[in-house]
Amino acid sequence: MGARRTGRERALQALYQLEMAPATAAEALESAWTASEEAKRDPDAVKFARELVEGVQGHREEIDQLIERHSHNWRLDRMSRIDRNVLRLGIFELKYRPDIPRKVTINEAVELGKNFGTEESSAFVNGLLDRVAVALNKP
């Protein structure tokens with residue numbers, strides 16, 4: 001598995017934990033890495049996960065507004081924690097990481113939804129992120 005995919009998975013786990021219990025981003029990330037079965041941590045994955053978690057946390061209000069604006073008939077608090085945090089990661093990448101192509105961001109978010117969410121997660125994430133990407137004019 002690539003460093004960025006691993007980083008996204010750990011970032012998702014950390015964001016989920018931050019919703020469940022008070023902790024710092026560093027504590028949540030450490031917990032996510034400790035819980036993983038990987039023998040060693042790829043420094044690139046660790047750095048990417050930290051950038052994602054800190055970025056989502058730093059822009060969370062704006063990201064959540066974009067989710068609310070583009071989700072049809074779904075309030076943020078009614079979404080599953082996994083879906084909500086996958087969307088946050090995806091929107092952070094779409095809006096603040098011009099180095100990551102739109103297609104890569106959406107495909108990776110869909111995979112996170114498949115691996116960690118419900119049967120409906122991947123379609124929900126795909127549709128909402130596509131609407132946000134169009135609204136943001138992300139090529």
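The values are calculated or read from the model by the stated rules, or taken from the named source; none is laboratory data. Remember, predicted model here, so these are calculated numbers, not experimental data. All Cβ positions, glycine included, derive from the backbone under ideal geometry; neighbour counts span all protein chains shown. Protein only, heavy atoms only, side chains kept; ligands, DNA and RNA dropped before computing areas. Shrake-Rupley method; radii C 1.70, N 1.55, O 1.52, S 1.80 Å.
Out of all the residues in the stretch 75-92, is one or more modelled with pLDDT of 95 or more and among the aromatic types (Phe, Trp, Tyr)?
Scanning the stretch 75-92, I find at least one residue that is modelled with pLDDT of 95 or more and among the aromatic types (Phe, Trp, Tyr), so the answer is yes.
Which of (1) open to solvent by 60 Å² or more (accessible area, probe 1.4 Å); (2) of a type in the set (S, T, N, Q); (3) modelled with pLDDT under 95 is the odd one out, the single condition residue 57 does not satisfy?
(3)
Answer yes or no as to whether residue 132 is in a helix (DSSP H, G or I), farther than 16 Å from residue 6 by Cα and in contact (Cβ under 8 Å) with a residue 60 or more places away in the chain.
Considered against the rule, which asks whether it is in a helix (DSSP H, G or I), farther than 16 Å from residue 6 by Cα and in contact (Cβ under 8 Å) with a residue 60 or more places away in the chain, residue 132 comes out as yes.
Restricting to the stretch 82-103, name every residue that is farther than 23 Å from residue 118 by Cβ and of a type in the set (Lys, Arg).
Passing the criteria: 95, 97, 102, 103.
Please state which of the following conditions residue 123 fails to meet, knowing it meets all the rest: (1) among the aliphatic types (A, V, I, L, M); (2) open to solvent by 30 Å² or more (accessible area, probe 1.4 Å); (3) closer than 20 Å to residue 13 by Cβ.
Against the list (1) among the aliphatic types (A, V, I, L, M); (2) open to solvent by 30 Å² or more (accessible area, probe 1.4 Å); (3) closer than 20 Å to residue 13 by Cβ, residue 123 comes up short only on (3).
Residue 113 versus (1) open to solvent by 50 Å² or more (accessible area, probe 1.4 Å); (2) under 20 Å from residue 127 (Cα atoms); (3) assigned to a helix (DSSP H, G or I); (4) of a type outside the set (A, V, I, L, M): which is the lone unmet condition?
(1)
Please tell me if residue 88 is assigned to a helix (DSSP H, G or I), in contact (Cβ under 8 Å) with a residue 60 or more places away in the chain, more than 10 Å from the chain's Cα centre (by Cα) and at negative phi.
Against the criterion (assigned to a helix (DSSP H, G or I), in contact (Cβ under 8 Å) with a residue 60 or more places away in the chain, more than 10 Å from the chain's Cα centre (by Cα) and at negative phi), residue 88 does not qualify.
How do the pairs read when you match residues in the stretch 28-41 that are closer than 12 Å to residue 11 by Cα with residues anywhere that are open to solvent by 90 Å² or more (accessible area, probe 1.4 Å), using Cβ under 9 Å and keeping only pairs 6 or more apart or on different chains?
These pairs meet every condition: 29/50; 33/41.
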